[in-house]
Amino acid sequence: MKQGLFISFEGIDGAGKSSHVERLAEMFRSQGRAVTVTREPGGTPLAEQLRTLALNEAMDALTEALLMFAARRDHLLQVIEPALASGDVVLCDRFTDATFAYQGHGRGFDLEVLAALERWVQSVPGLPTGALRQPQLTLWFDLPPEIAAQRLAGARLPDKFESQPLPFFQRVAAGYAARLAADPSRFARIQADQPREMVWDAVHNALRARGWLR
Ligand code: TYD
């Protein structure tokens with residue numbers, strides 16, 4: 001049986017990651033892999049309910065972080081772990097880097113508390129003692145916040161995060177850069193400020209470079 005493979009997609013709102021999630025799923029399937037496509041917050045009935053709350057209700061940053069991690073715990077146990085155990089490629093639209101970027105850097109919440117929650121939530125049965133479930137690869141769609149703001153302007157009705165001002169997204173982007181600096185081998189930085197086909201080539205190349213796609 002094939003080894004499971006866990007890949008997350010990250011970037012500020014408007015960075016354009018979501019269309020590449022589907023395209024990458026199709027490419028893996030065409031090369032014989034079973035693929036689970038999912039997202040955070042969400043991915044289970046409970047986590048989708050938590051998503052609706054977190055994205056639409058006003059709350060303090062700790063409450064928000066707890067909801068994100070509660071949703072993540074359910075999602076890991078119900079969906080991600082079983083999929084990896086059966087050898088699937090798991091493509092997850094956002095994961096814990098988003099919590100560090102949005103709640104940590106964007107909202108200014110304590111990164112140490114987030115790191116503690118990360119240890120609790122991502123310690124899952126079956127891993128060696130002390131090991132955490134993390135993506136094997138995180139594709140970070142890096143787009144200047146000014147350009148993302150232009151893309152979002154006039155799009156659908158913004159949710160709580162999408163309606164944040166530019167400085168918020170500048171902090172979020174800095175948060176992603178900090179996560180990359182702390183664990184560079186896990187990340188592929190995708191320059192998202194280019195035509196969609198070139199962005200896709202960069203995604204495809206990142207997977208080929210690791211020997212995960214032809
Ligand atoms: P997003 O992934 O952009 O989905 P859509 O394209 O359907 O809007 O929306 C999720 C939002 O949730 C996004 O603004 C980032 C935010 N978020 C956090 O603040 N913390 C988290 O831990 C996660 C996973 C997402």
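The values are calculated or read from the model by the stated rules, or taken from the named source; none is laboratory data. Quick caveat: nothing in here was measured; it's all calculated off a predicted structure. Ideal geometry is used to build each Cβ from the backbone, glycine not excepted, and the neighbour counts take in all protein chains shown.
Each row is one residue, and each column tells you yes or no for (1) modelled with pLDDT of 95 or more; (2) of a type in the set (A, V, I, L, M); (3) over 30 Å from PRO167 (Cα atoms).
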{"site": "ILE12", "(1), (2), (3)": "yes, yes, no"}
{"site": "SER19", "(1), (2), (3)": "no, no, no"}
{"site": "VAL37", "(1), (2), (3)": "yes, yes, yes"}
{"site": "ALA83", "(1), (2), (3)": "yes, yes, yes"}
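In the list ALA173, ALA181, which residue meets the criterion of being surrounded by fewer than 18 Cβ atoms within 10 Å (Cβ to Cβ), under 25 Å from LEU111 (Cβ atoms) and either within 14 Å of the chain's Cα centre (by Cα) or free of Cβ contacts under 8 Å to residues at least 24 places away in the same chain (or both)? Checking each option against the conditions leaves just ALA181.
Beta carbons closer than 6 Å, at least 6 apart along the sequence or on distinct chains, pair a first residue in the stretch 14-34 that is more than 16 Å from the ligand (Cβ to nearest atom) with a second that is in a loop (DSSP other than H, G, I, E, B) for ALA34/ASP88. Residues in the stretch 28-38 that are touching a strand residue (DSSP E or B) at 6+ places or on another chain (Cβ under 9 Å) and in a helix (DSSP H, G or I) were compared, and the one that is surrounded by the fewest Cβ atoms within 10 Å (Cβ to Cβ) is ARG29.
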